[in-house]
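The values are calculated or read from the model by the stated rules, or taken from the named source; none is laboratory data. If you're wondering where the values come from, they're calculated on a predicted model, not measured in any experiment. Ideal geometry is used to build each Cβ from the backbone, glycine not excepted, and the neighbour counts take in all protein chains shown.
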Amino acid sequence: MSVLKYESAVRAPLVDGHKTYHQVTEDIIRPIEAAPSRLWKIGFGISVALLLFGVYSVYREVTYGIGQWNLNKTIGWGWDITNFVWWVGIGHAGTLISAILLLFRQGWRTGVNRAAEAMTIFAVMCAGQFPIFHMGRVWMAFFVLPYPNSRGPLWVNFSSPLLWDVFAISTYFTVSLLFWYAGLLPDLATVRDRAIVKWRKRLYGVLSFGWTGSTKHWQRHESLSLVLAGLSTPLVLSVHTIVSFDFATSVIPGWHTTIFPPYFVAGAIFSGFAMVQTLMIIVRKVLNLQDYITLEHIEVMNKVIVLTGSIVGVAYLTELFMAWYSQNPYEGYAFFYSRANLLSPYGWSYWGMMACNVISPQIFWFKKLRRNITVTFFMSVIVNVGMWFERFVIIVTSLYRDYVPSSWSAYYSPTIWEIGFYLGTFGLFFTCFFLFAKWFPVIAVAEIKHILKKSGESWKQEQGVLEDKKVDEFEEVMHH
Amino acid sequence: MDVRKFVVGLFDDEKVLFPAVKKVRKSGFKIHDVYTPFPVHGLDQAMGLRETSLHTAGFIYGITGTTIALSFMSWVFTSSWPLNIGGKPHLPLPAFIPVTFEFTVLCAAVGMVLTFCYLCQLAPFVKKHHFHPRATDDKFVMVIECTSALTEADATALLNQVGAHEVHTQVAEAGWWLGTYDKQQRLYDESDIVVAAH
């Protein structure tokens, strides 16, 4: 018996079952070729209905103005910016999984990266709606771009964080889309080459850009993926950093803190992973992909959730500490009266946030709960509720009482059209996701094949047999 | 219509493919191309293809973006329309960092993807010759062109001998879509034995 271990005995296989390359293709592509299920149609119908309600809500807002929302003095930002930050945060997991985990050589990313990237793109699309429609005169939205104009030309203010947002969000969207689609090309070609029906062959022929799988193309594709990952890594971190600058560079108590960038980035990863869990748990079940999105995948993502949730918790406590330590009366008022005091008008939202984001994820210290699918599903929803509360707390509790008591606002609650806009983005998100899950390979087929002989179950077992041989026999087999 | 004739060999396993590539090149013949369902690491070296310079292009696009963003913002704030923002300096370099960074990434990413598509001749509605439909599924497809030095029979025998489990001949219309990667392929010589070891 040899003590030499080539394969980690601790790591579970990333692909369960004894798959061949062809089996992988079959498993992942077959749902695309089948007719949509009833469940899919119902889900899609609900999403489209929500989307239409959102479109009507936005129509009211555009026609009658921002007065359709309950924003007032001093709450100039309410649900709209809360939802913007919330969706952008959710949009962080995809590129994190595909870029940062690629650089860190985390093999498990291959099971979830494709769907997570798609989710990122859709979430950023939803996020973008809010600041655009918040402008009021949305037909003037192009004013945010620095283009030569007849007003001077009067340029945009390049030192404003709101303009940085324009650049950050649009760059993030573009780069994520390119990264996602570049990865999709080979898989779309797989769908094309399997197609028997003529229209499908044509459609995927167009979508796959004529990909052949040439060795030279793969070589460039690998180089492209690696560099895009290298570019996206700082990009992911920069986007939520810049979103946090919208608050941190202001002089509003509760916003004016240097802790915001890392705290926002951790929160973004936290909520993004939670959304990935919510979607993946449904997708693996509905599309029968349990062999590719295994319990192992769910467990590692839960580990990320407990880590980032705790980072967010530390940030909350640090804020409270600094509010006390600075002895600044305005900071103290914002934190100890408007937020942490349960009896203040919005105290419930602060403690809701604490319960959902900091306390409840701690159950993931227990392996049994990390590997429990029902618990994970509920937790993933709770985390996103909590993260919504976080943004609501930051925005509303800092704004509703100004420095001058005479300008304190009445209790802010949204109108139906404000809620409708939010529901509409859910509609947009799920409409896109349903279409994606039906027409695109939800798992990166080529990447799974690539790791199949390194982390598949068959390979692990073969290695186990090999490793039990004598060292020189093992060496003989490994090198020939 | 100008046509070219190819012998196509199908392999099941990359473990067979690597020695096969080595043997074909050792016999003094160039491989037209190998089509694989996923990136097989080391196959490009085994085939004698040079390293891609795509990342260098990415770097050039990136610094172009940096330069454009920085110089444009500086021009706007100092020359085109110097705006007094709370008496702050007209050239606030730290405030330019976010936009400069984002624009750098944008230029590098968009430029690289377009260059990638151009080099690989990938675009919607492009029609190419696909040697075997299962090259994107589970087969490794090695294609050798028949030339005056290598007849169809010889090429078929060669592919059979190196372990292809199915060999057939195809005729394809000559054109750019076939690629010219065999041109940059160096013939195998004894000094680079190491590259094809695995």
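Within the range A:271-290, is there a residue that is farther than 20 Å from A:GLY107 by Cβ and at the interface with another protein chain (Cβ under 9 Å from one of its Cβ atoms)? The answer is no, given that none of the residues of the range A:271-290 is farther than 20 Å from A:GLY107 by Cβ and at the interface with another protein chain (Cβ under 9 Å from one of its Cβ atoms).
Rundown of residues vs (1) of a type in the set (Val, Ile, Thr); (2) closer than 16 Å to A:ILE75 by Cβ; (3) part of a helix (DSSP H, G or I), yes/no style:
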{"position": "A:TYR350", "(1), (2), (3)": "no, no, yes"}
{"position": "A:ILE359", "(1), (2), (3)": "yes, no, yes"}
{"position": "A:GLN362", "(1), (2), (3)": "no, no, yes"}
{"position": "A:ILE382", "(1), (2), (3)": "yes, no, yes"}
{"position": "A:MET387", "(1), (2), (3)": "no, no, yes"}
{"position": "A:ILE394", "(1), (2), (3)": "yes, yes, yes"}
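Among the residues making up the range A:325-346, those that are in contact with a helix residue (DSSP H, G or I) (Cβ under 7 Å, 6 or more places away or on another chain) and not polar (S, T, N, Q) are A:GLU331, A:GLY332, A:ALA334, A:PHE335, A:PHE336, A:ARG339, A:ALA340, A:LEU342, A:TYR346. When B:LYS139 is tested against (1) at the interface with chain A (Cβ under 7 Å from one of its Cβ atoms); (2) among the basic types (Lys, Arg); (3) buried (at least 20 other Cβ atoms within 10 Å of the Cβ), exactly one condition is not met: (1). For B:LYS128, the conditions (1) closer than 30 Å to A:ALA248 by Cβ; (2) buried (at least 16 other Cβ atoms within 10 Å of the Cβ); (3) within 7 Å of another protein chain (Cβ to nearest Cβ) are fulfilled apart from (1). Considering every residue within the range B:117-124, establish whether at least one is facing chain A (nearest Cβ under 7 Å), small (Gly, Ala, Ser) and either touching a residue at least 12 places away in the same chain (Cβ under 8 Å) or in a loop (DSSP other than H, G, I, E, B) (or both). Yes. Here the condition is being modelled with pLDDT of 85 or more, in contact with an Asp or Glu (Cβ under 8 Å, 6 or more places away or on another chain) and surrounded by fewer than 19 Cβ atoms within 10 Å (Cβ to Cβ); of B:PRO133, B:PRO92, it holds for B:PRO133 alone.
One residue stands out among those in the range A:400-450 that are part of a loop (DSSP other than H, G, I, E, B) and among the β-branched types (Val, Ile, Thr): the one that is nearest to A:HIS18 (Cα to Cα), which is A:ILE443.
In summary, helices (runs of 4 or more DSSP H) completely within the range A:131-250 and bearing 3 or more residues that are facing another protein chain (nearest Cβ under 9 Å) and either of a type in the set (D, E, K, R) or surrounded by 21 or more Cβ atoms within 10 Å (Cβ to Cβ) (or both) occur at A:161-194, A:215-248. Out of the range B:61-76, which residues are crowded, with 16+ Cβ neighbours inside 10 Å and either at pLDDT below 90 or among the β-branched types (Val, Ile, Thr) (or both)? Selection gives B:THR66, B:VAL76.
Kindly check whether there is at least one residue in the range B:94-115 that is at the interface with another protein chain (Cβ under 7 Å from one of its Cβ atoms) and touching a residue at least 60 places away in the same chain (Cβ under 8 Å). Taking every residue of the range B:94-115 in turn, none turns out to be at the interface with another protein chain (Cβ under 7 Å from one of its Cβ atoms) and touching a residue at least 60 places away in the same chain (Cβ under 8 Å).
Per this entry, A:GLY254 is not counted among residues that are at the interface with chain B (Cβ under 7 Å from one of its Cβ atoms) and in contact with a Ser or Thr (Cβ under 9 Å, 6 or more places away or on another chain).
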